[in-house]
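Worksheet for the structure shown next.
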Amino acid sequence: MTETPRVAIVTGAAGGIRRAMVRGLLAAGVGVAGVDRDRKPLEALAASAAEQGKGDDFLTVQTDLTNDSAVDEITKATRARFSRIDILVNNAGIGPGAIRADSWQRPLKFWEITSDQWRRFVAVHTTAPWALANFVVPEMMREGWGRIVNVTTSLGTMLNAGSPTYGPSKAALEALSAIMAKDLDGTGVTVNVLVPGGVTNTPMISDEAGFDRARLIQPEVMVPPLLWLISDAAAKVSGRRFLGVHWDPALPPEQAAEKAGAAVAWTSIATMPITPSRS
């Protein structure tokens, strides 16, 4: 990290994965603006930050990412507190259980989804990350330094039956991440994707799903790759996706990244369209 403390916005900060990442960032000396729509989990996270001795480095922003005013609320509050924004972690997520509590037992069908439900998932998973990035990237480019980390999902989840809202909206963020990385090439601003790598022990997985939580991927696997991605050591790393479950903390970070990483949106294995030359 640099001598000047960096500042991160983390959306969906009060959930399981997000809580682990927030605590990891604070421990690394990063100021954090934690965004969530629910007050009580944010208050609990603020108390946790205070227990870490990081209460002054943590800001809670309660807002709903589906609202048009959310981006303005988040960025104004962050700048008022920290005077800068260096890192954006687009991590907010809502699962099929928000539509049907027993969705693991009775998977959703695409024809059962209402227009409002579709719009909500796209708003949180795709539109909000795009809007926040649009707002913070100009300042990052002026500074010649910035980090955007988008939390999408695994390819299997994007294509799973039962995920007609979650899968497509996260797939759109994956595609957007690839485009962002290309557009920002050479600016000092990197864009990467980070995912756990499978079913993870978070509140998104209800007890009714029937999993043994001890056997699920634990949220803490996201922390080591995240801290490396926002470091100066990863300044040349962009347009990549990393699976937290495959990150080996015992290895040097560059080797761990090679083991756990692939091209964002799997472009290294995709058949790209034939494009004729232009005069």
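The values are calculated or read from the model by the stated rules, or taken from the named source; none is laboratory data. Keep in mind that what you see is a predicted model, and the values were worked out from it rather than measured. Heads up, the Cβs are rebuilt from the backbone with ideal geometry, glycines too, and the neighbour counts pull from every protein chain shown. Heads up: the accessible areas ignore ligands, DNA and RNA and are worked out on the full protein's heavy atoms, side chains in. Shrake-Rupley method; radii C 1.70, N 1.55, O 1.52, S 1.80 Å.
Check A14, A77, A33 and return the single one that is buried (at least 20 other Cβ atoms within 10 Å of the Cβ), at pLDDT 95 or above and under 19 Å from A128 (Cβ atoms). Step by step, each of A14, A77, A33 is checked, and only A33 is buried (at least 20 other Cβ atoms within 10 Å of the Cβ), at pLDDT 95 or above and under 19 Å from A128 (Cβ atoms). When P96 is tested against (1) out of contact with any helix residue (DSSP H, G or I) (no Cβ under 8 Å at 6 or more places or on another chain); (2) crowded, with 19+ Cβ neighbours inside 10 Å, exactly one condition is not met: (1).
Does T4 qualify as being out of contact with any helix residue (DSSP H, G or I) (no Cβ under 8 Å at 6 or more places or on another chain) and buried (at least 22 other Cβ atoms within 10 Å of the Cβ)? So T4 fails the test. If only residues of the range 245-279 that are in contact (Cβ under 8 Å) with a residue 12 or more places away in the chain and over 23 Å from L184 (Cβ atoms) are counted, the one that is most open to solvent (accessible area, probe 1.4 Å) is K259. Residue check: is V122 surrounded by 17 or more Cβ atoms within 10 Å (Cβ to Cβ) and over 15 Å from the mean Cα position of the chain (by Cα)? No. Return yes or no: is T157 outside any loop (DSSP other than H, G, I, E, B), among the hydroxyl-bearing types (S, T, Y) and more than 13 Å from R240 (Cα to Cα)? Here the answer is yes, as T157 does meet what is asked. Counted as qualifying within the range 34-132 are the helices (runs of 4 or more DSSP H) with 1 or more residues that are farther than 26 Å from V195 by Cα and touching a Gly at 6+ places or on another chain (Cβ under 8 Å), namely 70-82. Against the numbered list (1) open to solvent by less than 10 Å² (accessible area, probe 1.4 Å); (2) touching a helix residue (DSSP H, G or I) at 6+ places or on another chain (Cβ under 7 Å); (3) part of a helix (DSSP H, G or I), M140 comes up short only at (2).
This table checks each residue for (1) farther than 26 Å from L159 by Cβ; (2) in contact with a Lys or Arg (Cβ under 6 Å, 6 or more places away or on another chain); (3) of a type outside the set (G, A, S).
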| residue | (1), (2), (3) |
| --- | --- |
| A233 | yes, no, no |
| K236 | yes, no, yes |
| F242 | no, no, yes |
| P249 | yes, no, yes |
| P252 | yes, no, yes |
| G261 | no, yes, no |
| W266 | no, no, yes |
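Within the range 125-137, the set of residues being surrounded by 12 or more Cβ atoms within 10 Å (Cβ to Cβ) and out of contact with any Ser or Thr (no Cβ under 6 Å at 6 or more places or on another chain) comprises T127, A128, P129, W130, A131, L132, A133, V136, V137.
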